[in-house]
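The structure under discussion appears below in the form of structure tokens.
Just so it is clear, none of the values below were taken in a lab; they were calculated from the coordinates. Note that the structure is predicted; figures quoted are calculated from it, not measured. Neighbour counts are summed over all protein chains in view; Cβ atoms, including those assigned to glycine, are modelled from backbone coordinates with ideal geometry.
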Amino acid sequence: MAILNILKDTDPTLRKTSREVADITPRILTLLDDMKDTMRAANGCGLAAVQVGVLRRIVVIETEESGYIELINPKIVAYSGRQQEAEGCLSVPGRWGITDRPMHVTVKALNRKGEEITLTGKDLLARAFCHELDHLDGVLFTDKAIRMLSRDEIEEG
Ligand code: CO
């Protein structure tokens with residue numbers, strides 16, 4: 001287990017497209033464990049492998065409602081509704097913006113055993129699915145934000 005360095009938004013690696021995982025090797029399992037530790041150490045609710053410099057389609061998410069989730073090769077298969085809420089990113093520290101996201105999102109992915117899983121999230125989890133999957137295609141929330149929050153708005157919480 002290790003805490004990995006999280007790339008910041010000026011790093012060009014964050015703009016690259018991640019590749020699918022063909023085999024869930026011991027190395028991939030170690031990466032998942034390290035991503036979990038890294039996300040928790042940074043108090044984040046999601047982390048994509050590209051953020052620790054590994055261009056693989058792997059995401060970890062942890063919210064109070066969902067608990068800890070690992071997604072390998074995730075795809076959005078359904079979405080509905082709409083929400084406009086504040087979003088941040090461990091690669092964009094101290095900045096928050098309002099994004100326009102679906103309220104409900106269903107993803108298909110593999111778990112660490114290579115089994116296909118289907119998960120549906122709403123509210124924060126739906127945003128997290130969209131946000132983390134965007135990372136796999138080199139997209140940051142700052143690209144999509146309707147507007148960024150001012151310092152005063154962030155301080156007011
Ligand atoms: Co992010």
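A few comments on the model shown:
- In region 10-118, trypsin sites (Lys or Arg not before Pro) in a DSSP loop with at most 10 other beta-carbon atoms within 10 Å: ARG82, LYS113
- For region 84-157, GluC sites (Glu not before Pro) are listed when DSSP marks them as loop and at most 10 other Cβ atoms sit within 10 Å of their Cβ; the list is GLU115.
- Distant-in-sequence amide H partners of ILE117 (H built 1.01 Å from N, under 5 Å): ALA109, LEU110, ASN111
- Computed from point charges on the beta carbon alone (+1 for Lys and Arg, -1 for Asp and Glu), the dipole magnitude for the chain about its Cα centre is near 500 Debye.
- Cα-Cα pairs of region 1-156 separated by more than 27 Å (percent): 17 percent
- The phi-based Karplus calculation (6.51 cos²θ - 1.76 cosθ + 1.60; θ = phi - 60°) puts the 3J(HN,Hα) values of region 80-94 at 7, x, 7, 8, 10, 10, 6, 9, x, 7, 4, 8, 10, x, x Hz, whole numbers, x for Gly and Pro.
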